[in-house]
Amino acid sequence: MRLENILALTHGELVNSPFVNSFENIVFDARSVKRGDLFVAFDETMIEDAVLNGAYGVVFDKPTQISDSEIAWIKVKDLQEALERILRFILIDKEIEVYECNEIILKLALQVVTEPNFIALHGDIQTLYKMLSSLENGASILFSPALTSKELFTNVKKLPLNPNESINIIEQTLFETSFIYDNIFYERQLISPFFMPYLEQLLHLFKVLKINFRLRKFTPIDHFEAVFTNKNFEIKEFGTSDKVLIFEKSTTLIEQEIEFLQKQATWANILYLIPFTAVESLSQKLRENPHIVIYKSENEIKNLLREHSFHFALIVGANKSILTKPLIKQTEVSLFDFY
């Protein structure tokens, strides 16, 4: 890529008058730099090594000492934004189809084995550049705007609608599902029935795009994650205790998950721990639910759990790392303390 194109795309400032005017590749690791490459200095401590290895240019956003005036030194406001603009330019010429989805569908897609021409996109901008800059024409990309900037792409499609339910659930618990899809039986998959509508959308996309896939064992995806514990809230093996903490980091799924638990576990005593910052998002009906307890700080959660009897506790806005934190005595905070 020519120097003037890099400057135009990155909105960069050329701080010297170099002898070079084009670059072979864009590289982020000085150890991989070859003669003619452009080094993007996400790690400024690698700049000198990149120059010694033959870099023809350095893109930087922090104060930097020019060590070789013959190569190009390009100062930008923000390296990530600069690289996003370059990648967007590269993708314009590629014949690809880009579909956007929510975070859950994307994380399920990351656990499915597919053909090389289908990419579930996830990672930092350096990872995305490595994946997408060499992408072949005809590829299909799935991304979530919650995880990856939509500005990378000029043409984004919605997921194709699936008018009919295509997954036949044979047996289920709150956290495992046995189901049939396209006449294939998947027994006791470690995926909650709560995720089945999301999985259906993903599998329908594969069918529309004629993408071959293989489902492997599912692992937790940071949503509706079940952690079995004893009375002291020490983590036990899956299915080995009758006290389960369900962690949900996203406050946008509160009502859906509460509705699911109330419908699927009518026999159970269920506790819902909701952060104070999410109170306004609750419907009036939920605000009146006596099983909802509001917390201000994660330090309160373990104390609140100890003070209530339950089979399942849905804990929103926190993750299981709270179980390893020391117990701090707190006063219970109820929903009505904030009105």
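The values are calculated or read from the model by the stated rules, or taken from the named source; none is laboratory data. Note that the structure is predicted; figures quoted are calculated from it, not measured. Cβ placement follows ideal geometry from the backbone for every residue including glycine, while neighbour counts extend to all protein chains displayed. What goes into the accessible areas is simple: the full protein's heavy atoms, side chains included, and nothing from ligands, DNA or RNA. Shrake-Rupley method; radii C 1.70, N 1.55, O 1.52, S 1.80 Å.
Before moving on, here are some points about what is shown:
Okay, residues lined up against (1) closer than 15 Å to ASP68 by Cβ; (2) among the hydrophobic types (A, V, I, L, M, F, W, C); (3) in contact with a helix residue (DSSP H, G or I) (Cβ under 9 Å, 6 or more places away or on another chain):
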| residue | (1), (2), (3) |
| --- | --- |
| MET1 | no, yes, yes |
| LEU7 | no, yes, no |
| THR10 | no, no, yes |
| SER17 | yes, no, no |
| ASP29 | no, no, yes |
| ARG35 | yes, no, no |
| PHE42 | no, yes, yes |
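- Residue pairs meeting the criteria (Cβ under 6 Å; at least 6 apart or on separate chains; first farther than 20 Å from PHE260 by Cβ, in segment 180-195; second among the β-branched types (Val, Ile, Thr) and open to solvent by less than 80 Å² (accessible area, probe 1.4 Å)): TYR181/ILE167
- Test: residue in segment 100-116 that is under 30 Å from SER17 (Cβ atoms), within 22 Å of the chain's Cα centre (by Cα) and at pLDDT 95 or above: no
- Enumeration of residues in segment 234-264 that are more than 25 Å from GLU171 (Cβ to Cβ) and in contact (Cβ under 8 Å) with a residue 40 or more places away in the chain: GLU234, ILE235, LYS249, SER250, THR251, ILE254
- Pair list, Cβ < 8 Å and 6+ apart or interchain, from segment 222-233 residues that are at positive phi to residues that are open to solvent by 30 Å² or more (accessible area, probe 1.4 Å) and polar (S, T, N, Q): ASP222/ASN319
- Whenever a residue of segment 21-37 is in contact (Cβ under 8 Å) with a residue 60 or more places away in the chain, its partners that are surrounded by 14 or more Cβ atoms within 10 Å (Cβ to Cβ) and assigned to a strand (DSSP E or B), lying with C-beta atoms within less than 7 angstrom and at least six residues away or across chains, give the pairs ILE26/LEU38; ILE26/VAL40; PHE28/VAL40.
- Residues in segment 270-287 that are closer than 24 Å to SER321 by Cα and either in contact (Cβ under 8 Å) with a residue 40 or more places away in the chain or touching a Cys at 6+ places or on another chain (Cβ under 6 Å) (or both): ILE270, LEU271, TYR272, LEU273, ILE274, PRO275, PHE276, THR277, VAL279.
- Screening ASN164 against (1) under 22 Å from the mean Cα position of the chain (by Cα); (2) exposed (fewer than 12 other Cβ atoms within 10 Å of the Cβ) leaves a single unmet condition, (1).
- Residue pairs whose Cβ atoms lie under 8 Å apart, sitting 6 or more positions apart in sequence or on different chains, and linking a residue in segment 121-144 that is touching a residue at least 60 places away in the same chain (Cβ under 8 Å) to a partner that is of a type in the set (Phe, Trp, Tyr), are GLN126/PHE28; GLN126/PHE42; TYR129/PHE28; SER140/TYR99; SER140/PHE118; LEU142/TYR99; LEU142/PHE118.
- Out of GLN65, GLN80, sole residue that is touching a residue at least 40 places away in the same chain (Cβ under 8 Å) and either in a helix (DSSP H, G or I) or open to solvent by 50 Å² or more (accessible area, probe 1.4 Å) (or both): GLN80
- Residue match in segment 86-107 (condition: open to solvent by 60 Å² or more (accessible area, probe 1.4 Å), of a type in the set (Asp, Glu) and touching a residue at least 40 places away in the same chain (Cβ under 8 Å)): yes
- Selection status of GLU48, open to solvent by 20 Å² or more (accessible area, probe 1.4 Å), in contact with a helix residue (DSSP H, G or I) (Cβ under 9 Å, 6 or more places away or on another chain) and at pLDDT 95 or above: yes
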